[in-house]
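Structure, as structure tokens:
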Amino acid sequence: MIAVIRYNAGNVLSVMNALGRIGAEAVLTDDPAVIASADHVIFPGVGEASSAMGYLAASGLDEVIRNLKQPFLGICLGMQLMCGSSDEGSTECLGIFGERVTLFPGGRGFKIPHVGWNTISGLSGPLYRGLPEDSYVYFVHSYYVPLSADASASADYDSIRFSASLSAGNFHGVQFHPEKSGEVGERILRNFLEAI
Amino acid sequence: MLAKRIIPCLDVKDGRTVKGVNFVSLRDAGSAIELAEFYSRSGADELVFLDITATVENRGTMVSLVEEAARRISIPFTVGGGIRSEEDVGRMLSAGADKISVNSSAVRAPDLIDRLAGRFGSQCVVLALDARASRSMPSGYEAVIDGGRTPSGLDALAWAREAASRGAGEILLTSMDKDGTKSGFAVDLTRVISTNIDIPVIASGGAGRMEDFRNVFVEGRADAALAASVFHFHEIDIPELKRYLSQSGVPVRQRGEYDDRFR
């Protein structure tokens, strides 16, 4: 069973729809017992870091997530919340990864948000099985995780190279939206469910 | 490298596409969903559904269409037309739209942008800005509303800047001088707006030839380009357009063999 974590952040529907397209059955839930017993857990998110963390802390889901042992995939804000802290609202995050999430600098023709299809490279790990270097995926974000030792793929926006995805043990996070990235994104979701 | 986006726009009335669409490959040429799937398979980077339904009573049809599109299409899409309130936006986003666009309603009440960005996030708020050349405006362009019928009195660049500072995430910029002419995008207008604001600009209006797309990306500095009839009438084929742009040095997402292999 796949659990998609329901909390106060958007785009859970997009993830449920994408799982439906690849024939995977998922439940949308905020029940700690259901999440803890799932085979795979997906943590989506479009929204603001401090209010999302506040909600997770108040509901106790923060501890539930930290203690999970099964394959776990955070998407976009979900990945950022898995980091140590975020400059968005000066937020202490889950600390699964050590990185600090920072805002793109902006100005001088540097447009924020980083939105659209960008290539990912340095692909490593089972999430990218069967996908070639420089595959295109869809991003939309204003905050980013600098390139780090946990990065399993990187991307470039203007002069900045950042972590397109992070992996440590059972925990994985992607900055882009696999649920909106066409066939490449569906392959990544399928890899998460089948190869991890 | 971040790709320049190609965005087909589907005009939808009472749940059906308008503008005679003549794809022989579609079973139902009036089905917005089938057309959207066709474009998605052809390598469109995003889609826009523009609701031109005349009556409020028929807007419910648009919600069903958005739900169906969200289930079936794996690329982002924007819903525009007739969106006037936070409730309208909430309904479209809950149905599965990735972004919404606001136009005249934001000109009349600019704080709508602040409220939408605050509640739903800038990433889903697209300001549709219709502009016309005007010598009396500092930038040379005036924002117009009500489908181009009403001058707003606002300088197009000043309005674009204001919308960005209020939290719009992107600007869908349509040249009312060029729209429907097929004589090329408004390159000067697009450059004036795109180089003077720090959010992405989608150029719209006037697409006729593949060269027009190259020009609006290279000279107009657009981040994305939107067109309707050249795609609907099959005058421009998206894979061919992308090959042309790539050969012209414009970074675009070309679907690879692996995309088909995984279907």
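Suppose we keep only residues that are surrounded by fewer than 17 Cβ atoms within 10 Å (Cβ to Cβ) and modelled with pLDDT under 95 within the stretch B:116-144. Which one would you say is farthest from B:G167 (Cα to Cα)? So the residue we want is B:R119. Within the stretch A:182-196, the set of residues being in a helix (DSSP H, G or I) and open to solvent by 10 Å² or more (accessible area, probe 1.4 Å) comprises A:E183, A:E186, A:R187, A:R190, A:L193, A:E194, A:A195. Cβ-Cβ distances below 8 Å connect the following pairs, each with a first residue in the stretch A:128-151 that is more than 9 Å from chain B (Cβ to nearest Cβ) and under 21 Å from B:P76 (Cα atoms), a second residue that is surrounded by 14 or more Cβ atoms within 10 Å (Cβ to Cβ) and among the aromatic types (F, W, Y), and a separation of six or more residues or different chains: A:V137/A:W117; A:V137/A:F176; A:Y143/A:F104; A:Y144/A:F104; A:Y144/A:Y157; A:Y144/A:F162.
Just one of the listed residues (A:V115, A:V137) is surrounded by 14 or more Cβ atoms within 10 Å (Cβ to Cβ), in contact with an Asp or Glu (Cβ under 9 Å, 6 or more places away or on another chain) and not small (G, A, S), namely A:V115. Among the conditions (1) open to solvent by less than 30 Å² (accessible area, probe 1.4 Å); (2) more than 10 Å from every other protein chain (Cβ to nearest Cβ); (3) acidic (D, E), A:E179 misses just one, which is (2).
You will find that of B:V79, B:V89, the residue that is under 26 Å from A:N8 (Cβ atoms) and either part of a loop (DSSP other than H, G, I, E, B) or within 13 Å of chain A (Cβ to nearest Cβ) (or both) is B:V89 and no other. What do you reckon, is A:R6 open to solvent by 60 Å² or more (accessible area, probe 1.4 Å) and either closer than 15 Å to A:E186 by Cα or touching a residue at least 40 places away in the same chain (Cβ under 8 Å) (or both)? So A:R6 fails the test. The residue that is nearest to the other protein chains (Cβ to nearest Cβ), counting only those in the stretch A:63-113 that are of a type in the set (D, E) and farther than 27 Å from B:P200 by Cβ, is A:E92. The residue that is farthest from the chain's Cα centre (by Cα), counting only those in the stretch A:10-49 that are within 13 Å of chain B (Cβ to nearest Cβ) and among the polar types (S, T, N, Q), is A:N17.
The set of residues in the stretch A:27-42 that are open to solvent by less than 30 Å² (accessible area, probe 1.4 Å) and either in a strand (DSSP E or B) or within 23 Å of B:G96 (Cβ to Cβ) (or both) comprises A:T29, A:H40, A:V41, A:I42. Residue by residue through the stretch B:145-192, note down the ones that are closer than 16 Å to B:L226 by Cα and part of a helix (DSSP H, G or I). Answer for the stretch B:145-192, where residues must be closer than 16 Å to B:L226 by Cα and part of a helix (DSSP H, G or I): B:V187, B:L189, B:T190, B:R191.
Residues in the stretch B:92-130 that are among the polar types (S, T, N, Q) and either outside any helix (DSSP H, G or I) or under 21 Å from A:G45 (Cβ atoms) (or both): B:S94, B:S101, B:N103, B:S122, B:Q123. Name the single residue that is least open to solvent (accessible area, probe 1.4 Å) among those in the stretch B:77-106 being under 14 Å from the mean Cα position of the chain (by Cα) and of a type in the set (D, E, K, R). Looking at the filtered set, the residue picked out is B:K99. Under the condition of being under 13 Å from A:S163 (Cα atoms), part of a loop (DSSP other than H, G, I, E, B) and hydroxyl-bearing (S, T, Y), the residues counted in the stretch A:83-139 number 1. Looking only at the stretch B:30-76, residues that are within 13 Å of chain A (Cβ to nearest Cβ) and open to solvent by 40 Å² or more (accessible area, probe 1.4 Å) come to 6 in all.
Considering only the stretch A:152-176, state which residues are within 14 Å of chain B (Cβ to nearest Cβ) and in contact with a Lys or Arg (Cβ under 7 Å, 6 or more places away or on another chain).
Here is the first cut: in the stretch A:152-176, the ones within 14 Å of chain B (Cβ to nearest Cβ) are A:154-162, A:164, A:175-176.
Within the stretch A:152-176, just A:S154 meets the criteria.
The values are calculated or read from the model by the stated rules, or taken from the named source; none is laboratory data. Keep in mind that what you see is a predicted model, and the values were worked out from it rather than measured. Quick reminder, even Gly has a Cβ in these numbers, built from the backbone with ideal geometry, and neighbours come from all protein chains shown. Calculation scope for accessible area: heavy atoms of the full protein, side chains included, ligands and nucleic acids excluded. Shrake-Rupley method; radii C 1.70, N 1.55, O 1.52, S 1.80 Å.
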